[in-house]
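The next block holds one structure in the form of structure tokens; read it before the comments.
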Amino acid sequence: MVALNGLYRQRVGGYCHSGVHRWMMFAGCMTVALFLLACVPSAIAPAHGPSREEPTAIERRVLDMVNRHRSLMNLTPLTSHKLLVKEARQHSVAMARGRVPLGHHGFEERRHSIARSIPFRAAAENVGYVRGYANPAEYAVDQWLKSPGHARNIRGSYVLTGIGVAKDKAGGLYVTQIFWQPGTQPDSIRSAR
């Protein structure tokens, strides 16, 4: 309070000497501080730290962020499809449990499994690992957009998607996003490298 009053006195020429004025100055400063905290929580929140979000909430946030980016590029939003979500989650769980390494291992099998129900013209997959970030969805999408192959998948002419997130024992998150363009003749099959 001394520092606040000292700053106040310096600005108004030593006007503030009574307890009432000091209280008003303190209350005014606290009001401004609380307002600033309410307006800019992201500037104060730590950039790193474990996420407390559930995997399904992270999946929704990844989809929201990807679709927000696609809308900025004048692309149609992707629609989440339960079969693609199931395959993406299974792959993320397999990576989190150490059954397969981080990557696209088994993409061909996932593609064939989905194609039995939804024929396709094009398919692609993005995979990532996030650990120690308070906002893992934002970090994963940001990193994908910095990678030409991953960004090409995000901006591709796909209409369906499935996102799966799984947590490993160390608290890290494996994220898989499958992209799907329904159709009858395969045009392309792409895994981001």
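The values are calculated or read from the model by the stated rules, or taken from the named source; none is laboratory data. Note that this is a predicted model, so its numbers are computed, not measured. As a convention, Cβ positions derive from the backbone with ideal geometry for all residues, glycine included, and neighbour counts pool all protein chains shown. Ligands, DNA and RNA are stripped out before the accessible areas are found, and what is left, the full protein with its side chains, is counted by its heavy atoms. Shrake-Rupley method; radii C 1.70, N 1.55, O 1.52, S 1.80 Å.
Tell me the trypsin sites (Lys or Arg not before Pro) within region 75-116 that lie in a loop according to DSSP and have at most 13 other beta-carbon atoms within 10 Å. Sites meeting the loop and neighbour criteria: 97, 99, 116. Annotation: amide H-H contacts under 5 Å for residue 80 (H modelled 1.01 Å from N, sequence separation of 5 or more, or interchain): 161.
Taking 0.36 nm per residue of separation and subtracting the current Cα-Cα distance, fully stretching the chain between residue 118 and residue 86 would add 10.2 nm.
Our coupling estimate for region 146-159, obtained by passing each phi through the Karplus curve with A = 6.51, B = -1.76, C = 1.60 and θ = phi - 60°, is 7, 9, x, x, 5, 4, 4, 5, 4, 8, x, 8, 9, 10 Hz, Gly and Pro reported as x.
Shape summary: region 106-181 maps onto an equivalent ellipsoid whose semi-axes, from the alpha-carbon gyration tensor, are 24, 15, 9 Å in decreasing order. A simple spin-label model places the labels of residue 108 and residue 60 3.8 nm from each other, with each point 7 Å out along Cα-to-Cβ. Computed in the context of the full set of protein chains, the accessible area of region 122-181 at 1.4 Å probe radius has 49% of its extent on carbon or sulfur.
Nothing charged except the Cβ atoms of Lys and Arg (+1) and of Asp and Glu (-1): what's the magnitude of the dipole of region 74-193 about its Cα centre? Round to the nearest 20 debye. Let's see the in-between values first.
On the way: 17 positive and 8 negative charges, 39 e Å.
I would put it at about 180 debye.
On full extension of the chain, what length is gained from residue 72 through residue 134, given 0.36 nm per residue of separation minus the C-alpha to C-alpha distance?
Values: separation 62, 0.36 × 62 = 22.32 nm, distance 2.47 nm.
Between residue 72 and residue 134, full extension yields an extra 19.8 nm.
Think of a 1.4 Å ball rolled over the protein heavy atoms: region 64-193 then has 50 Å² of accessible area per residue.
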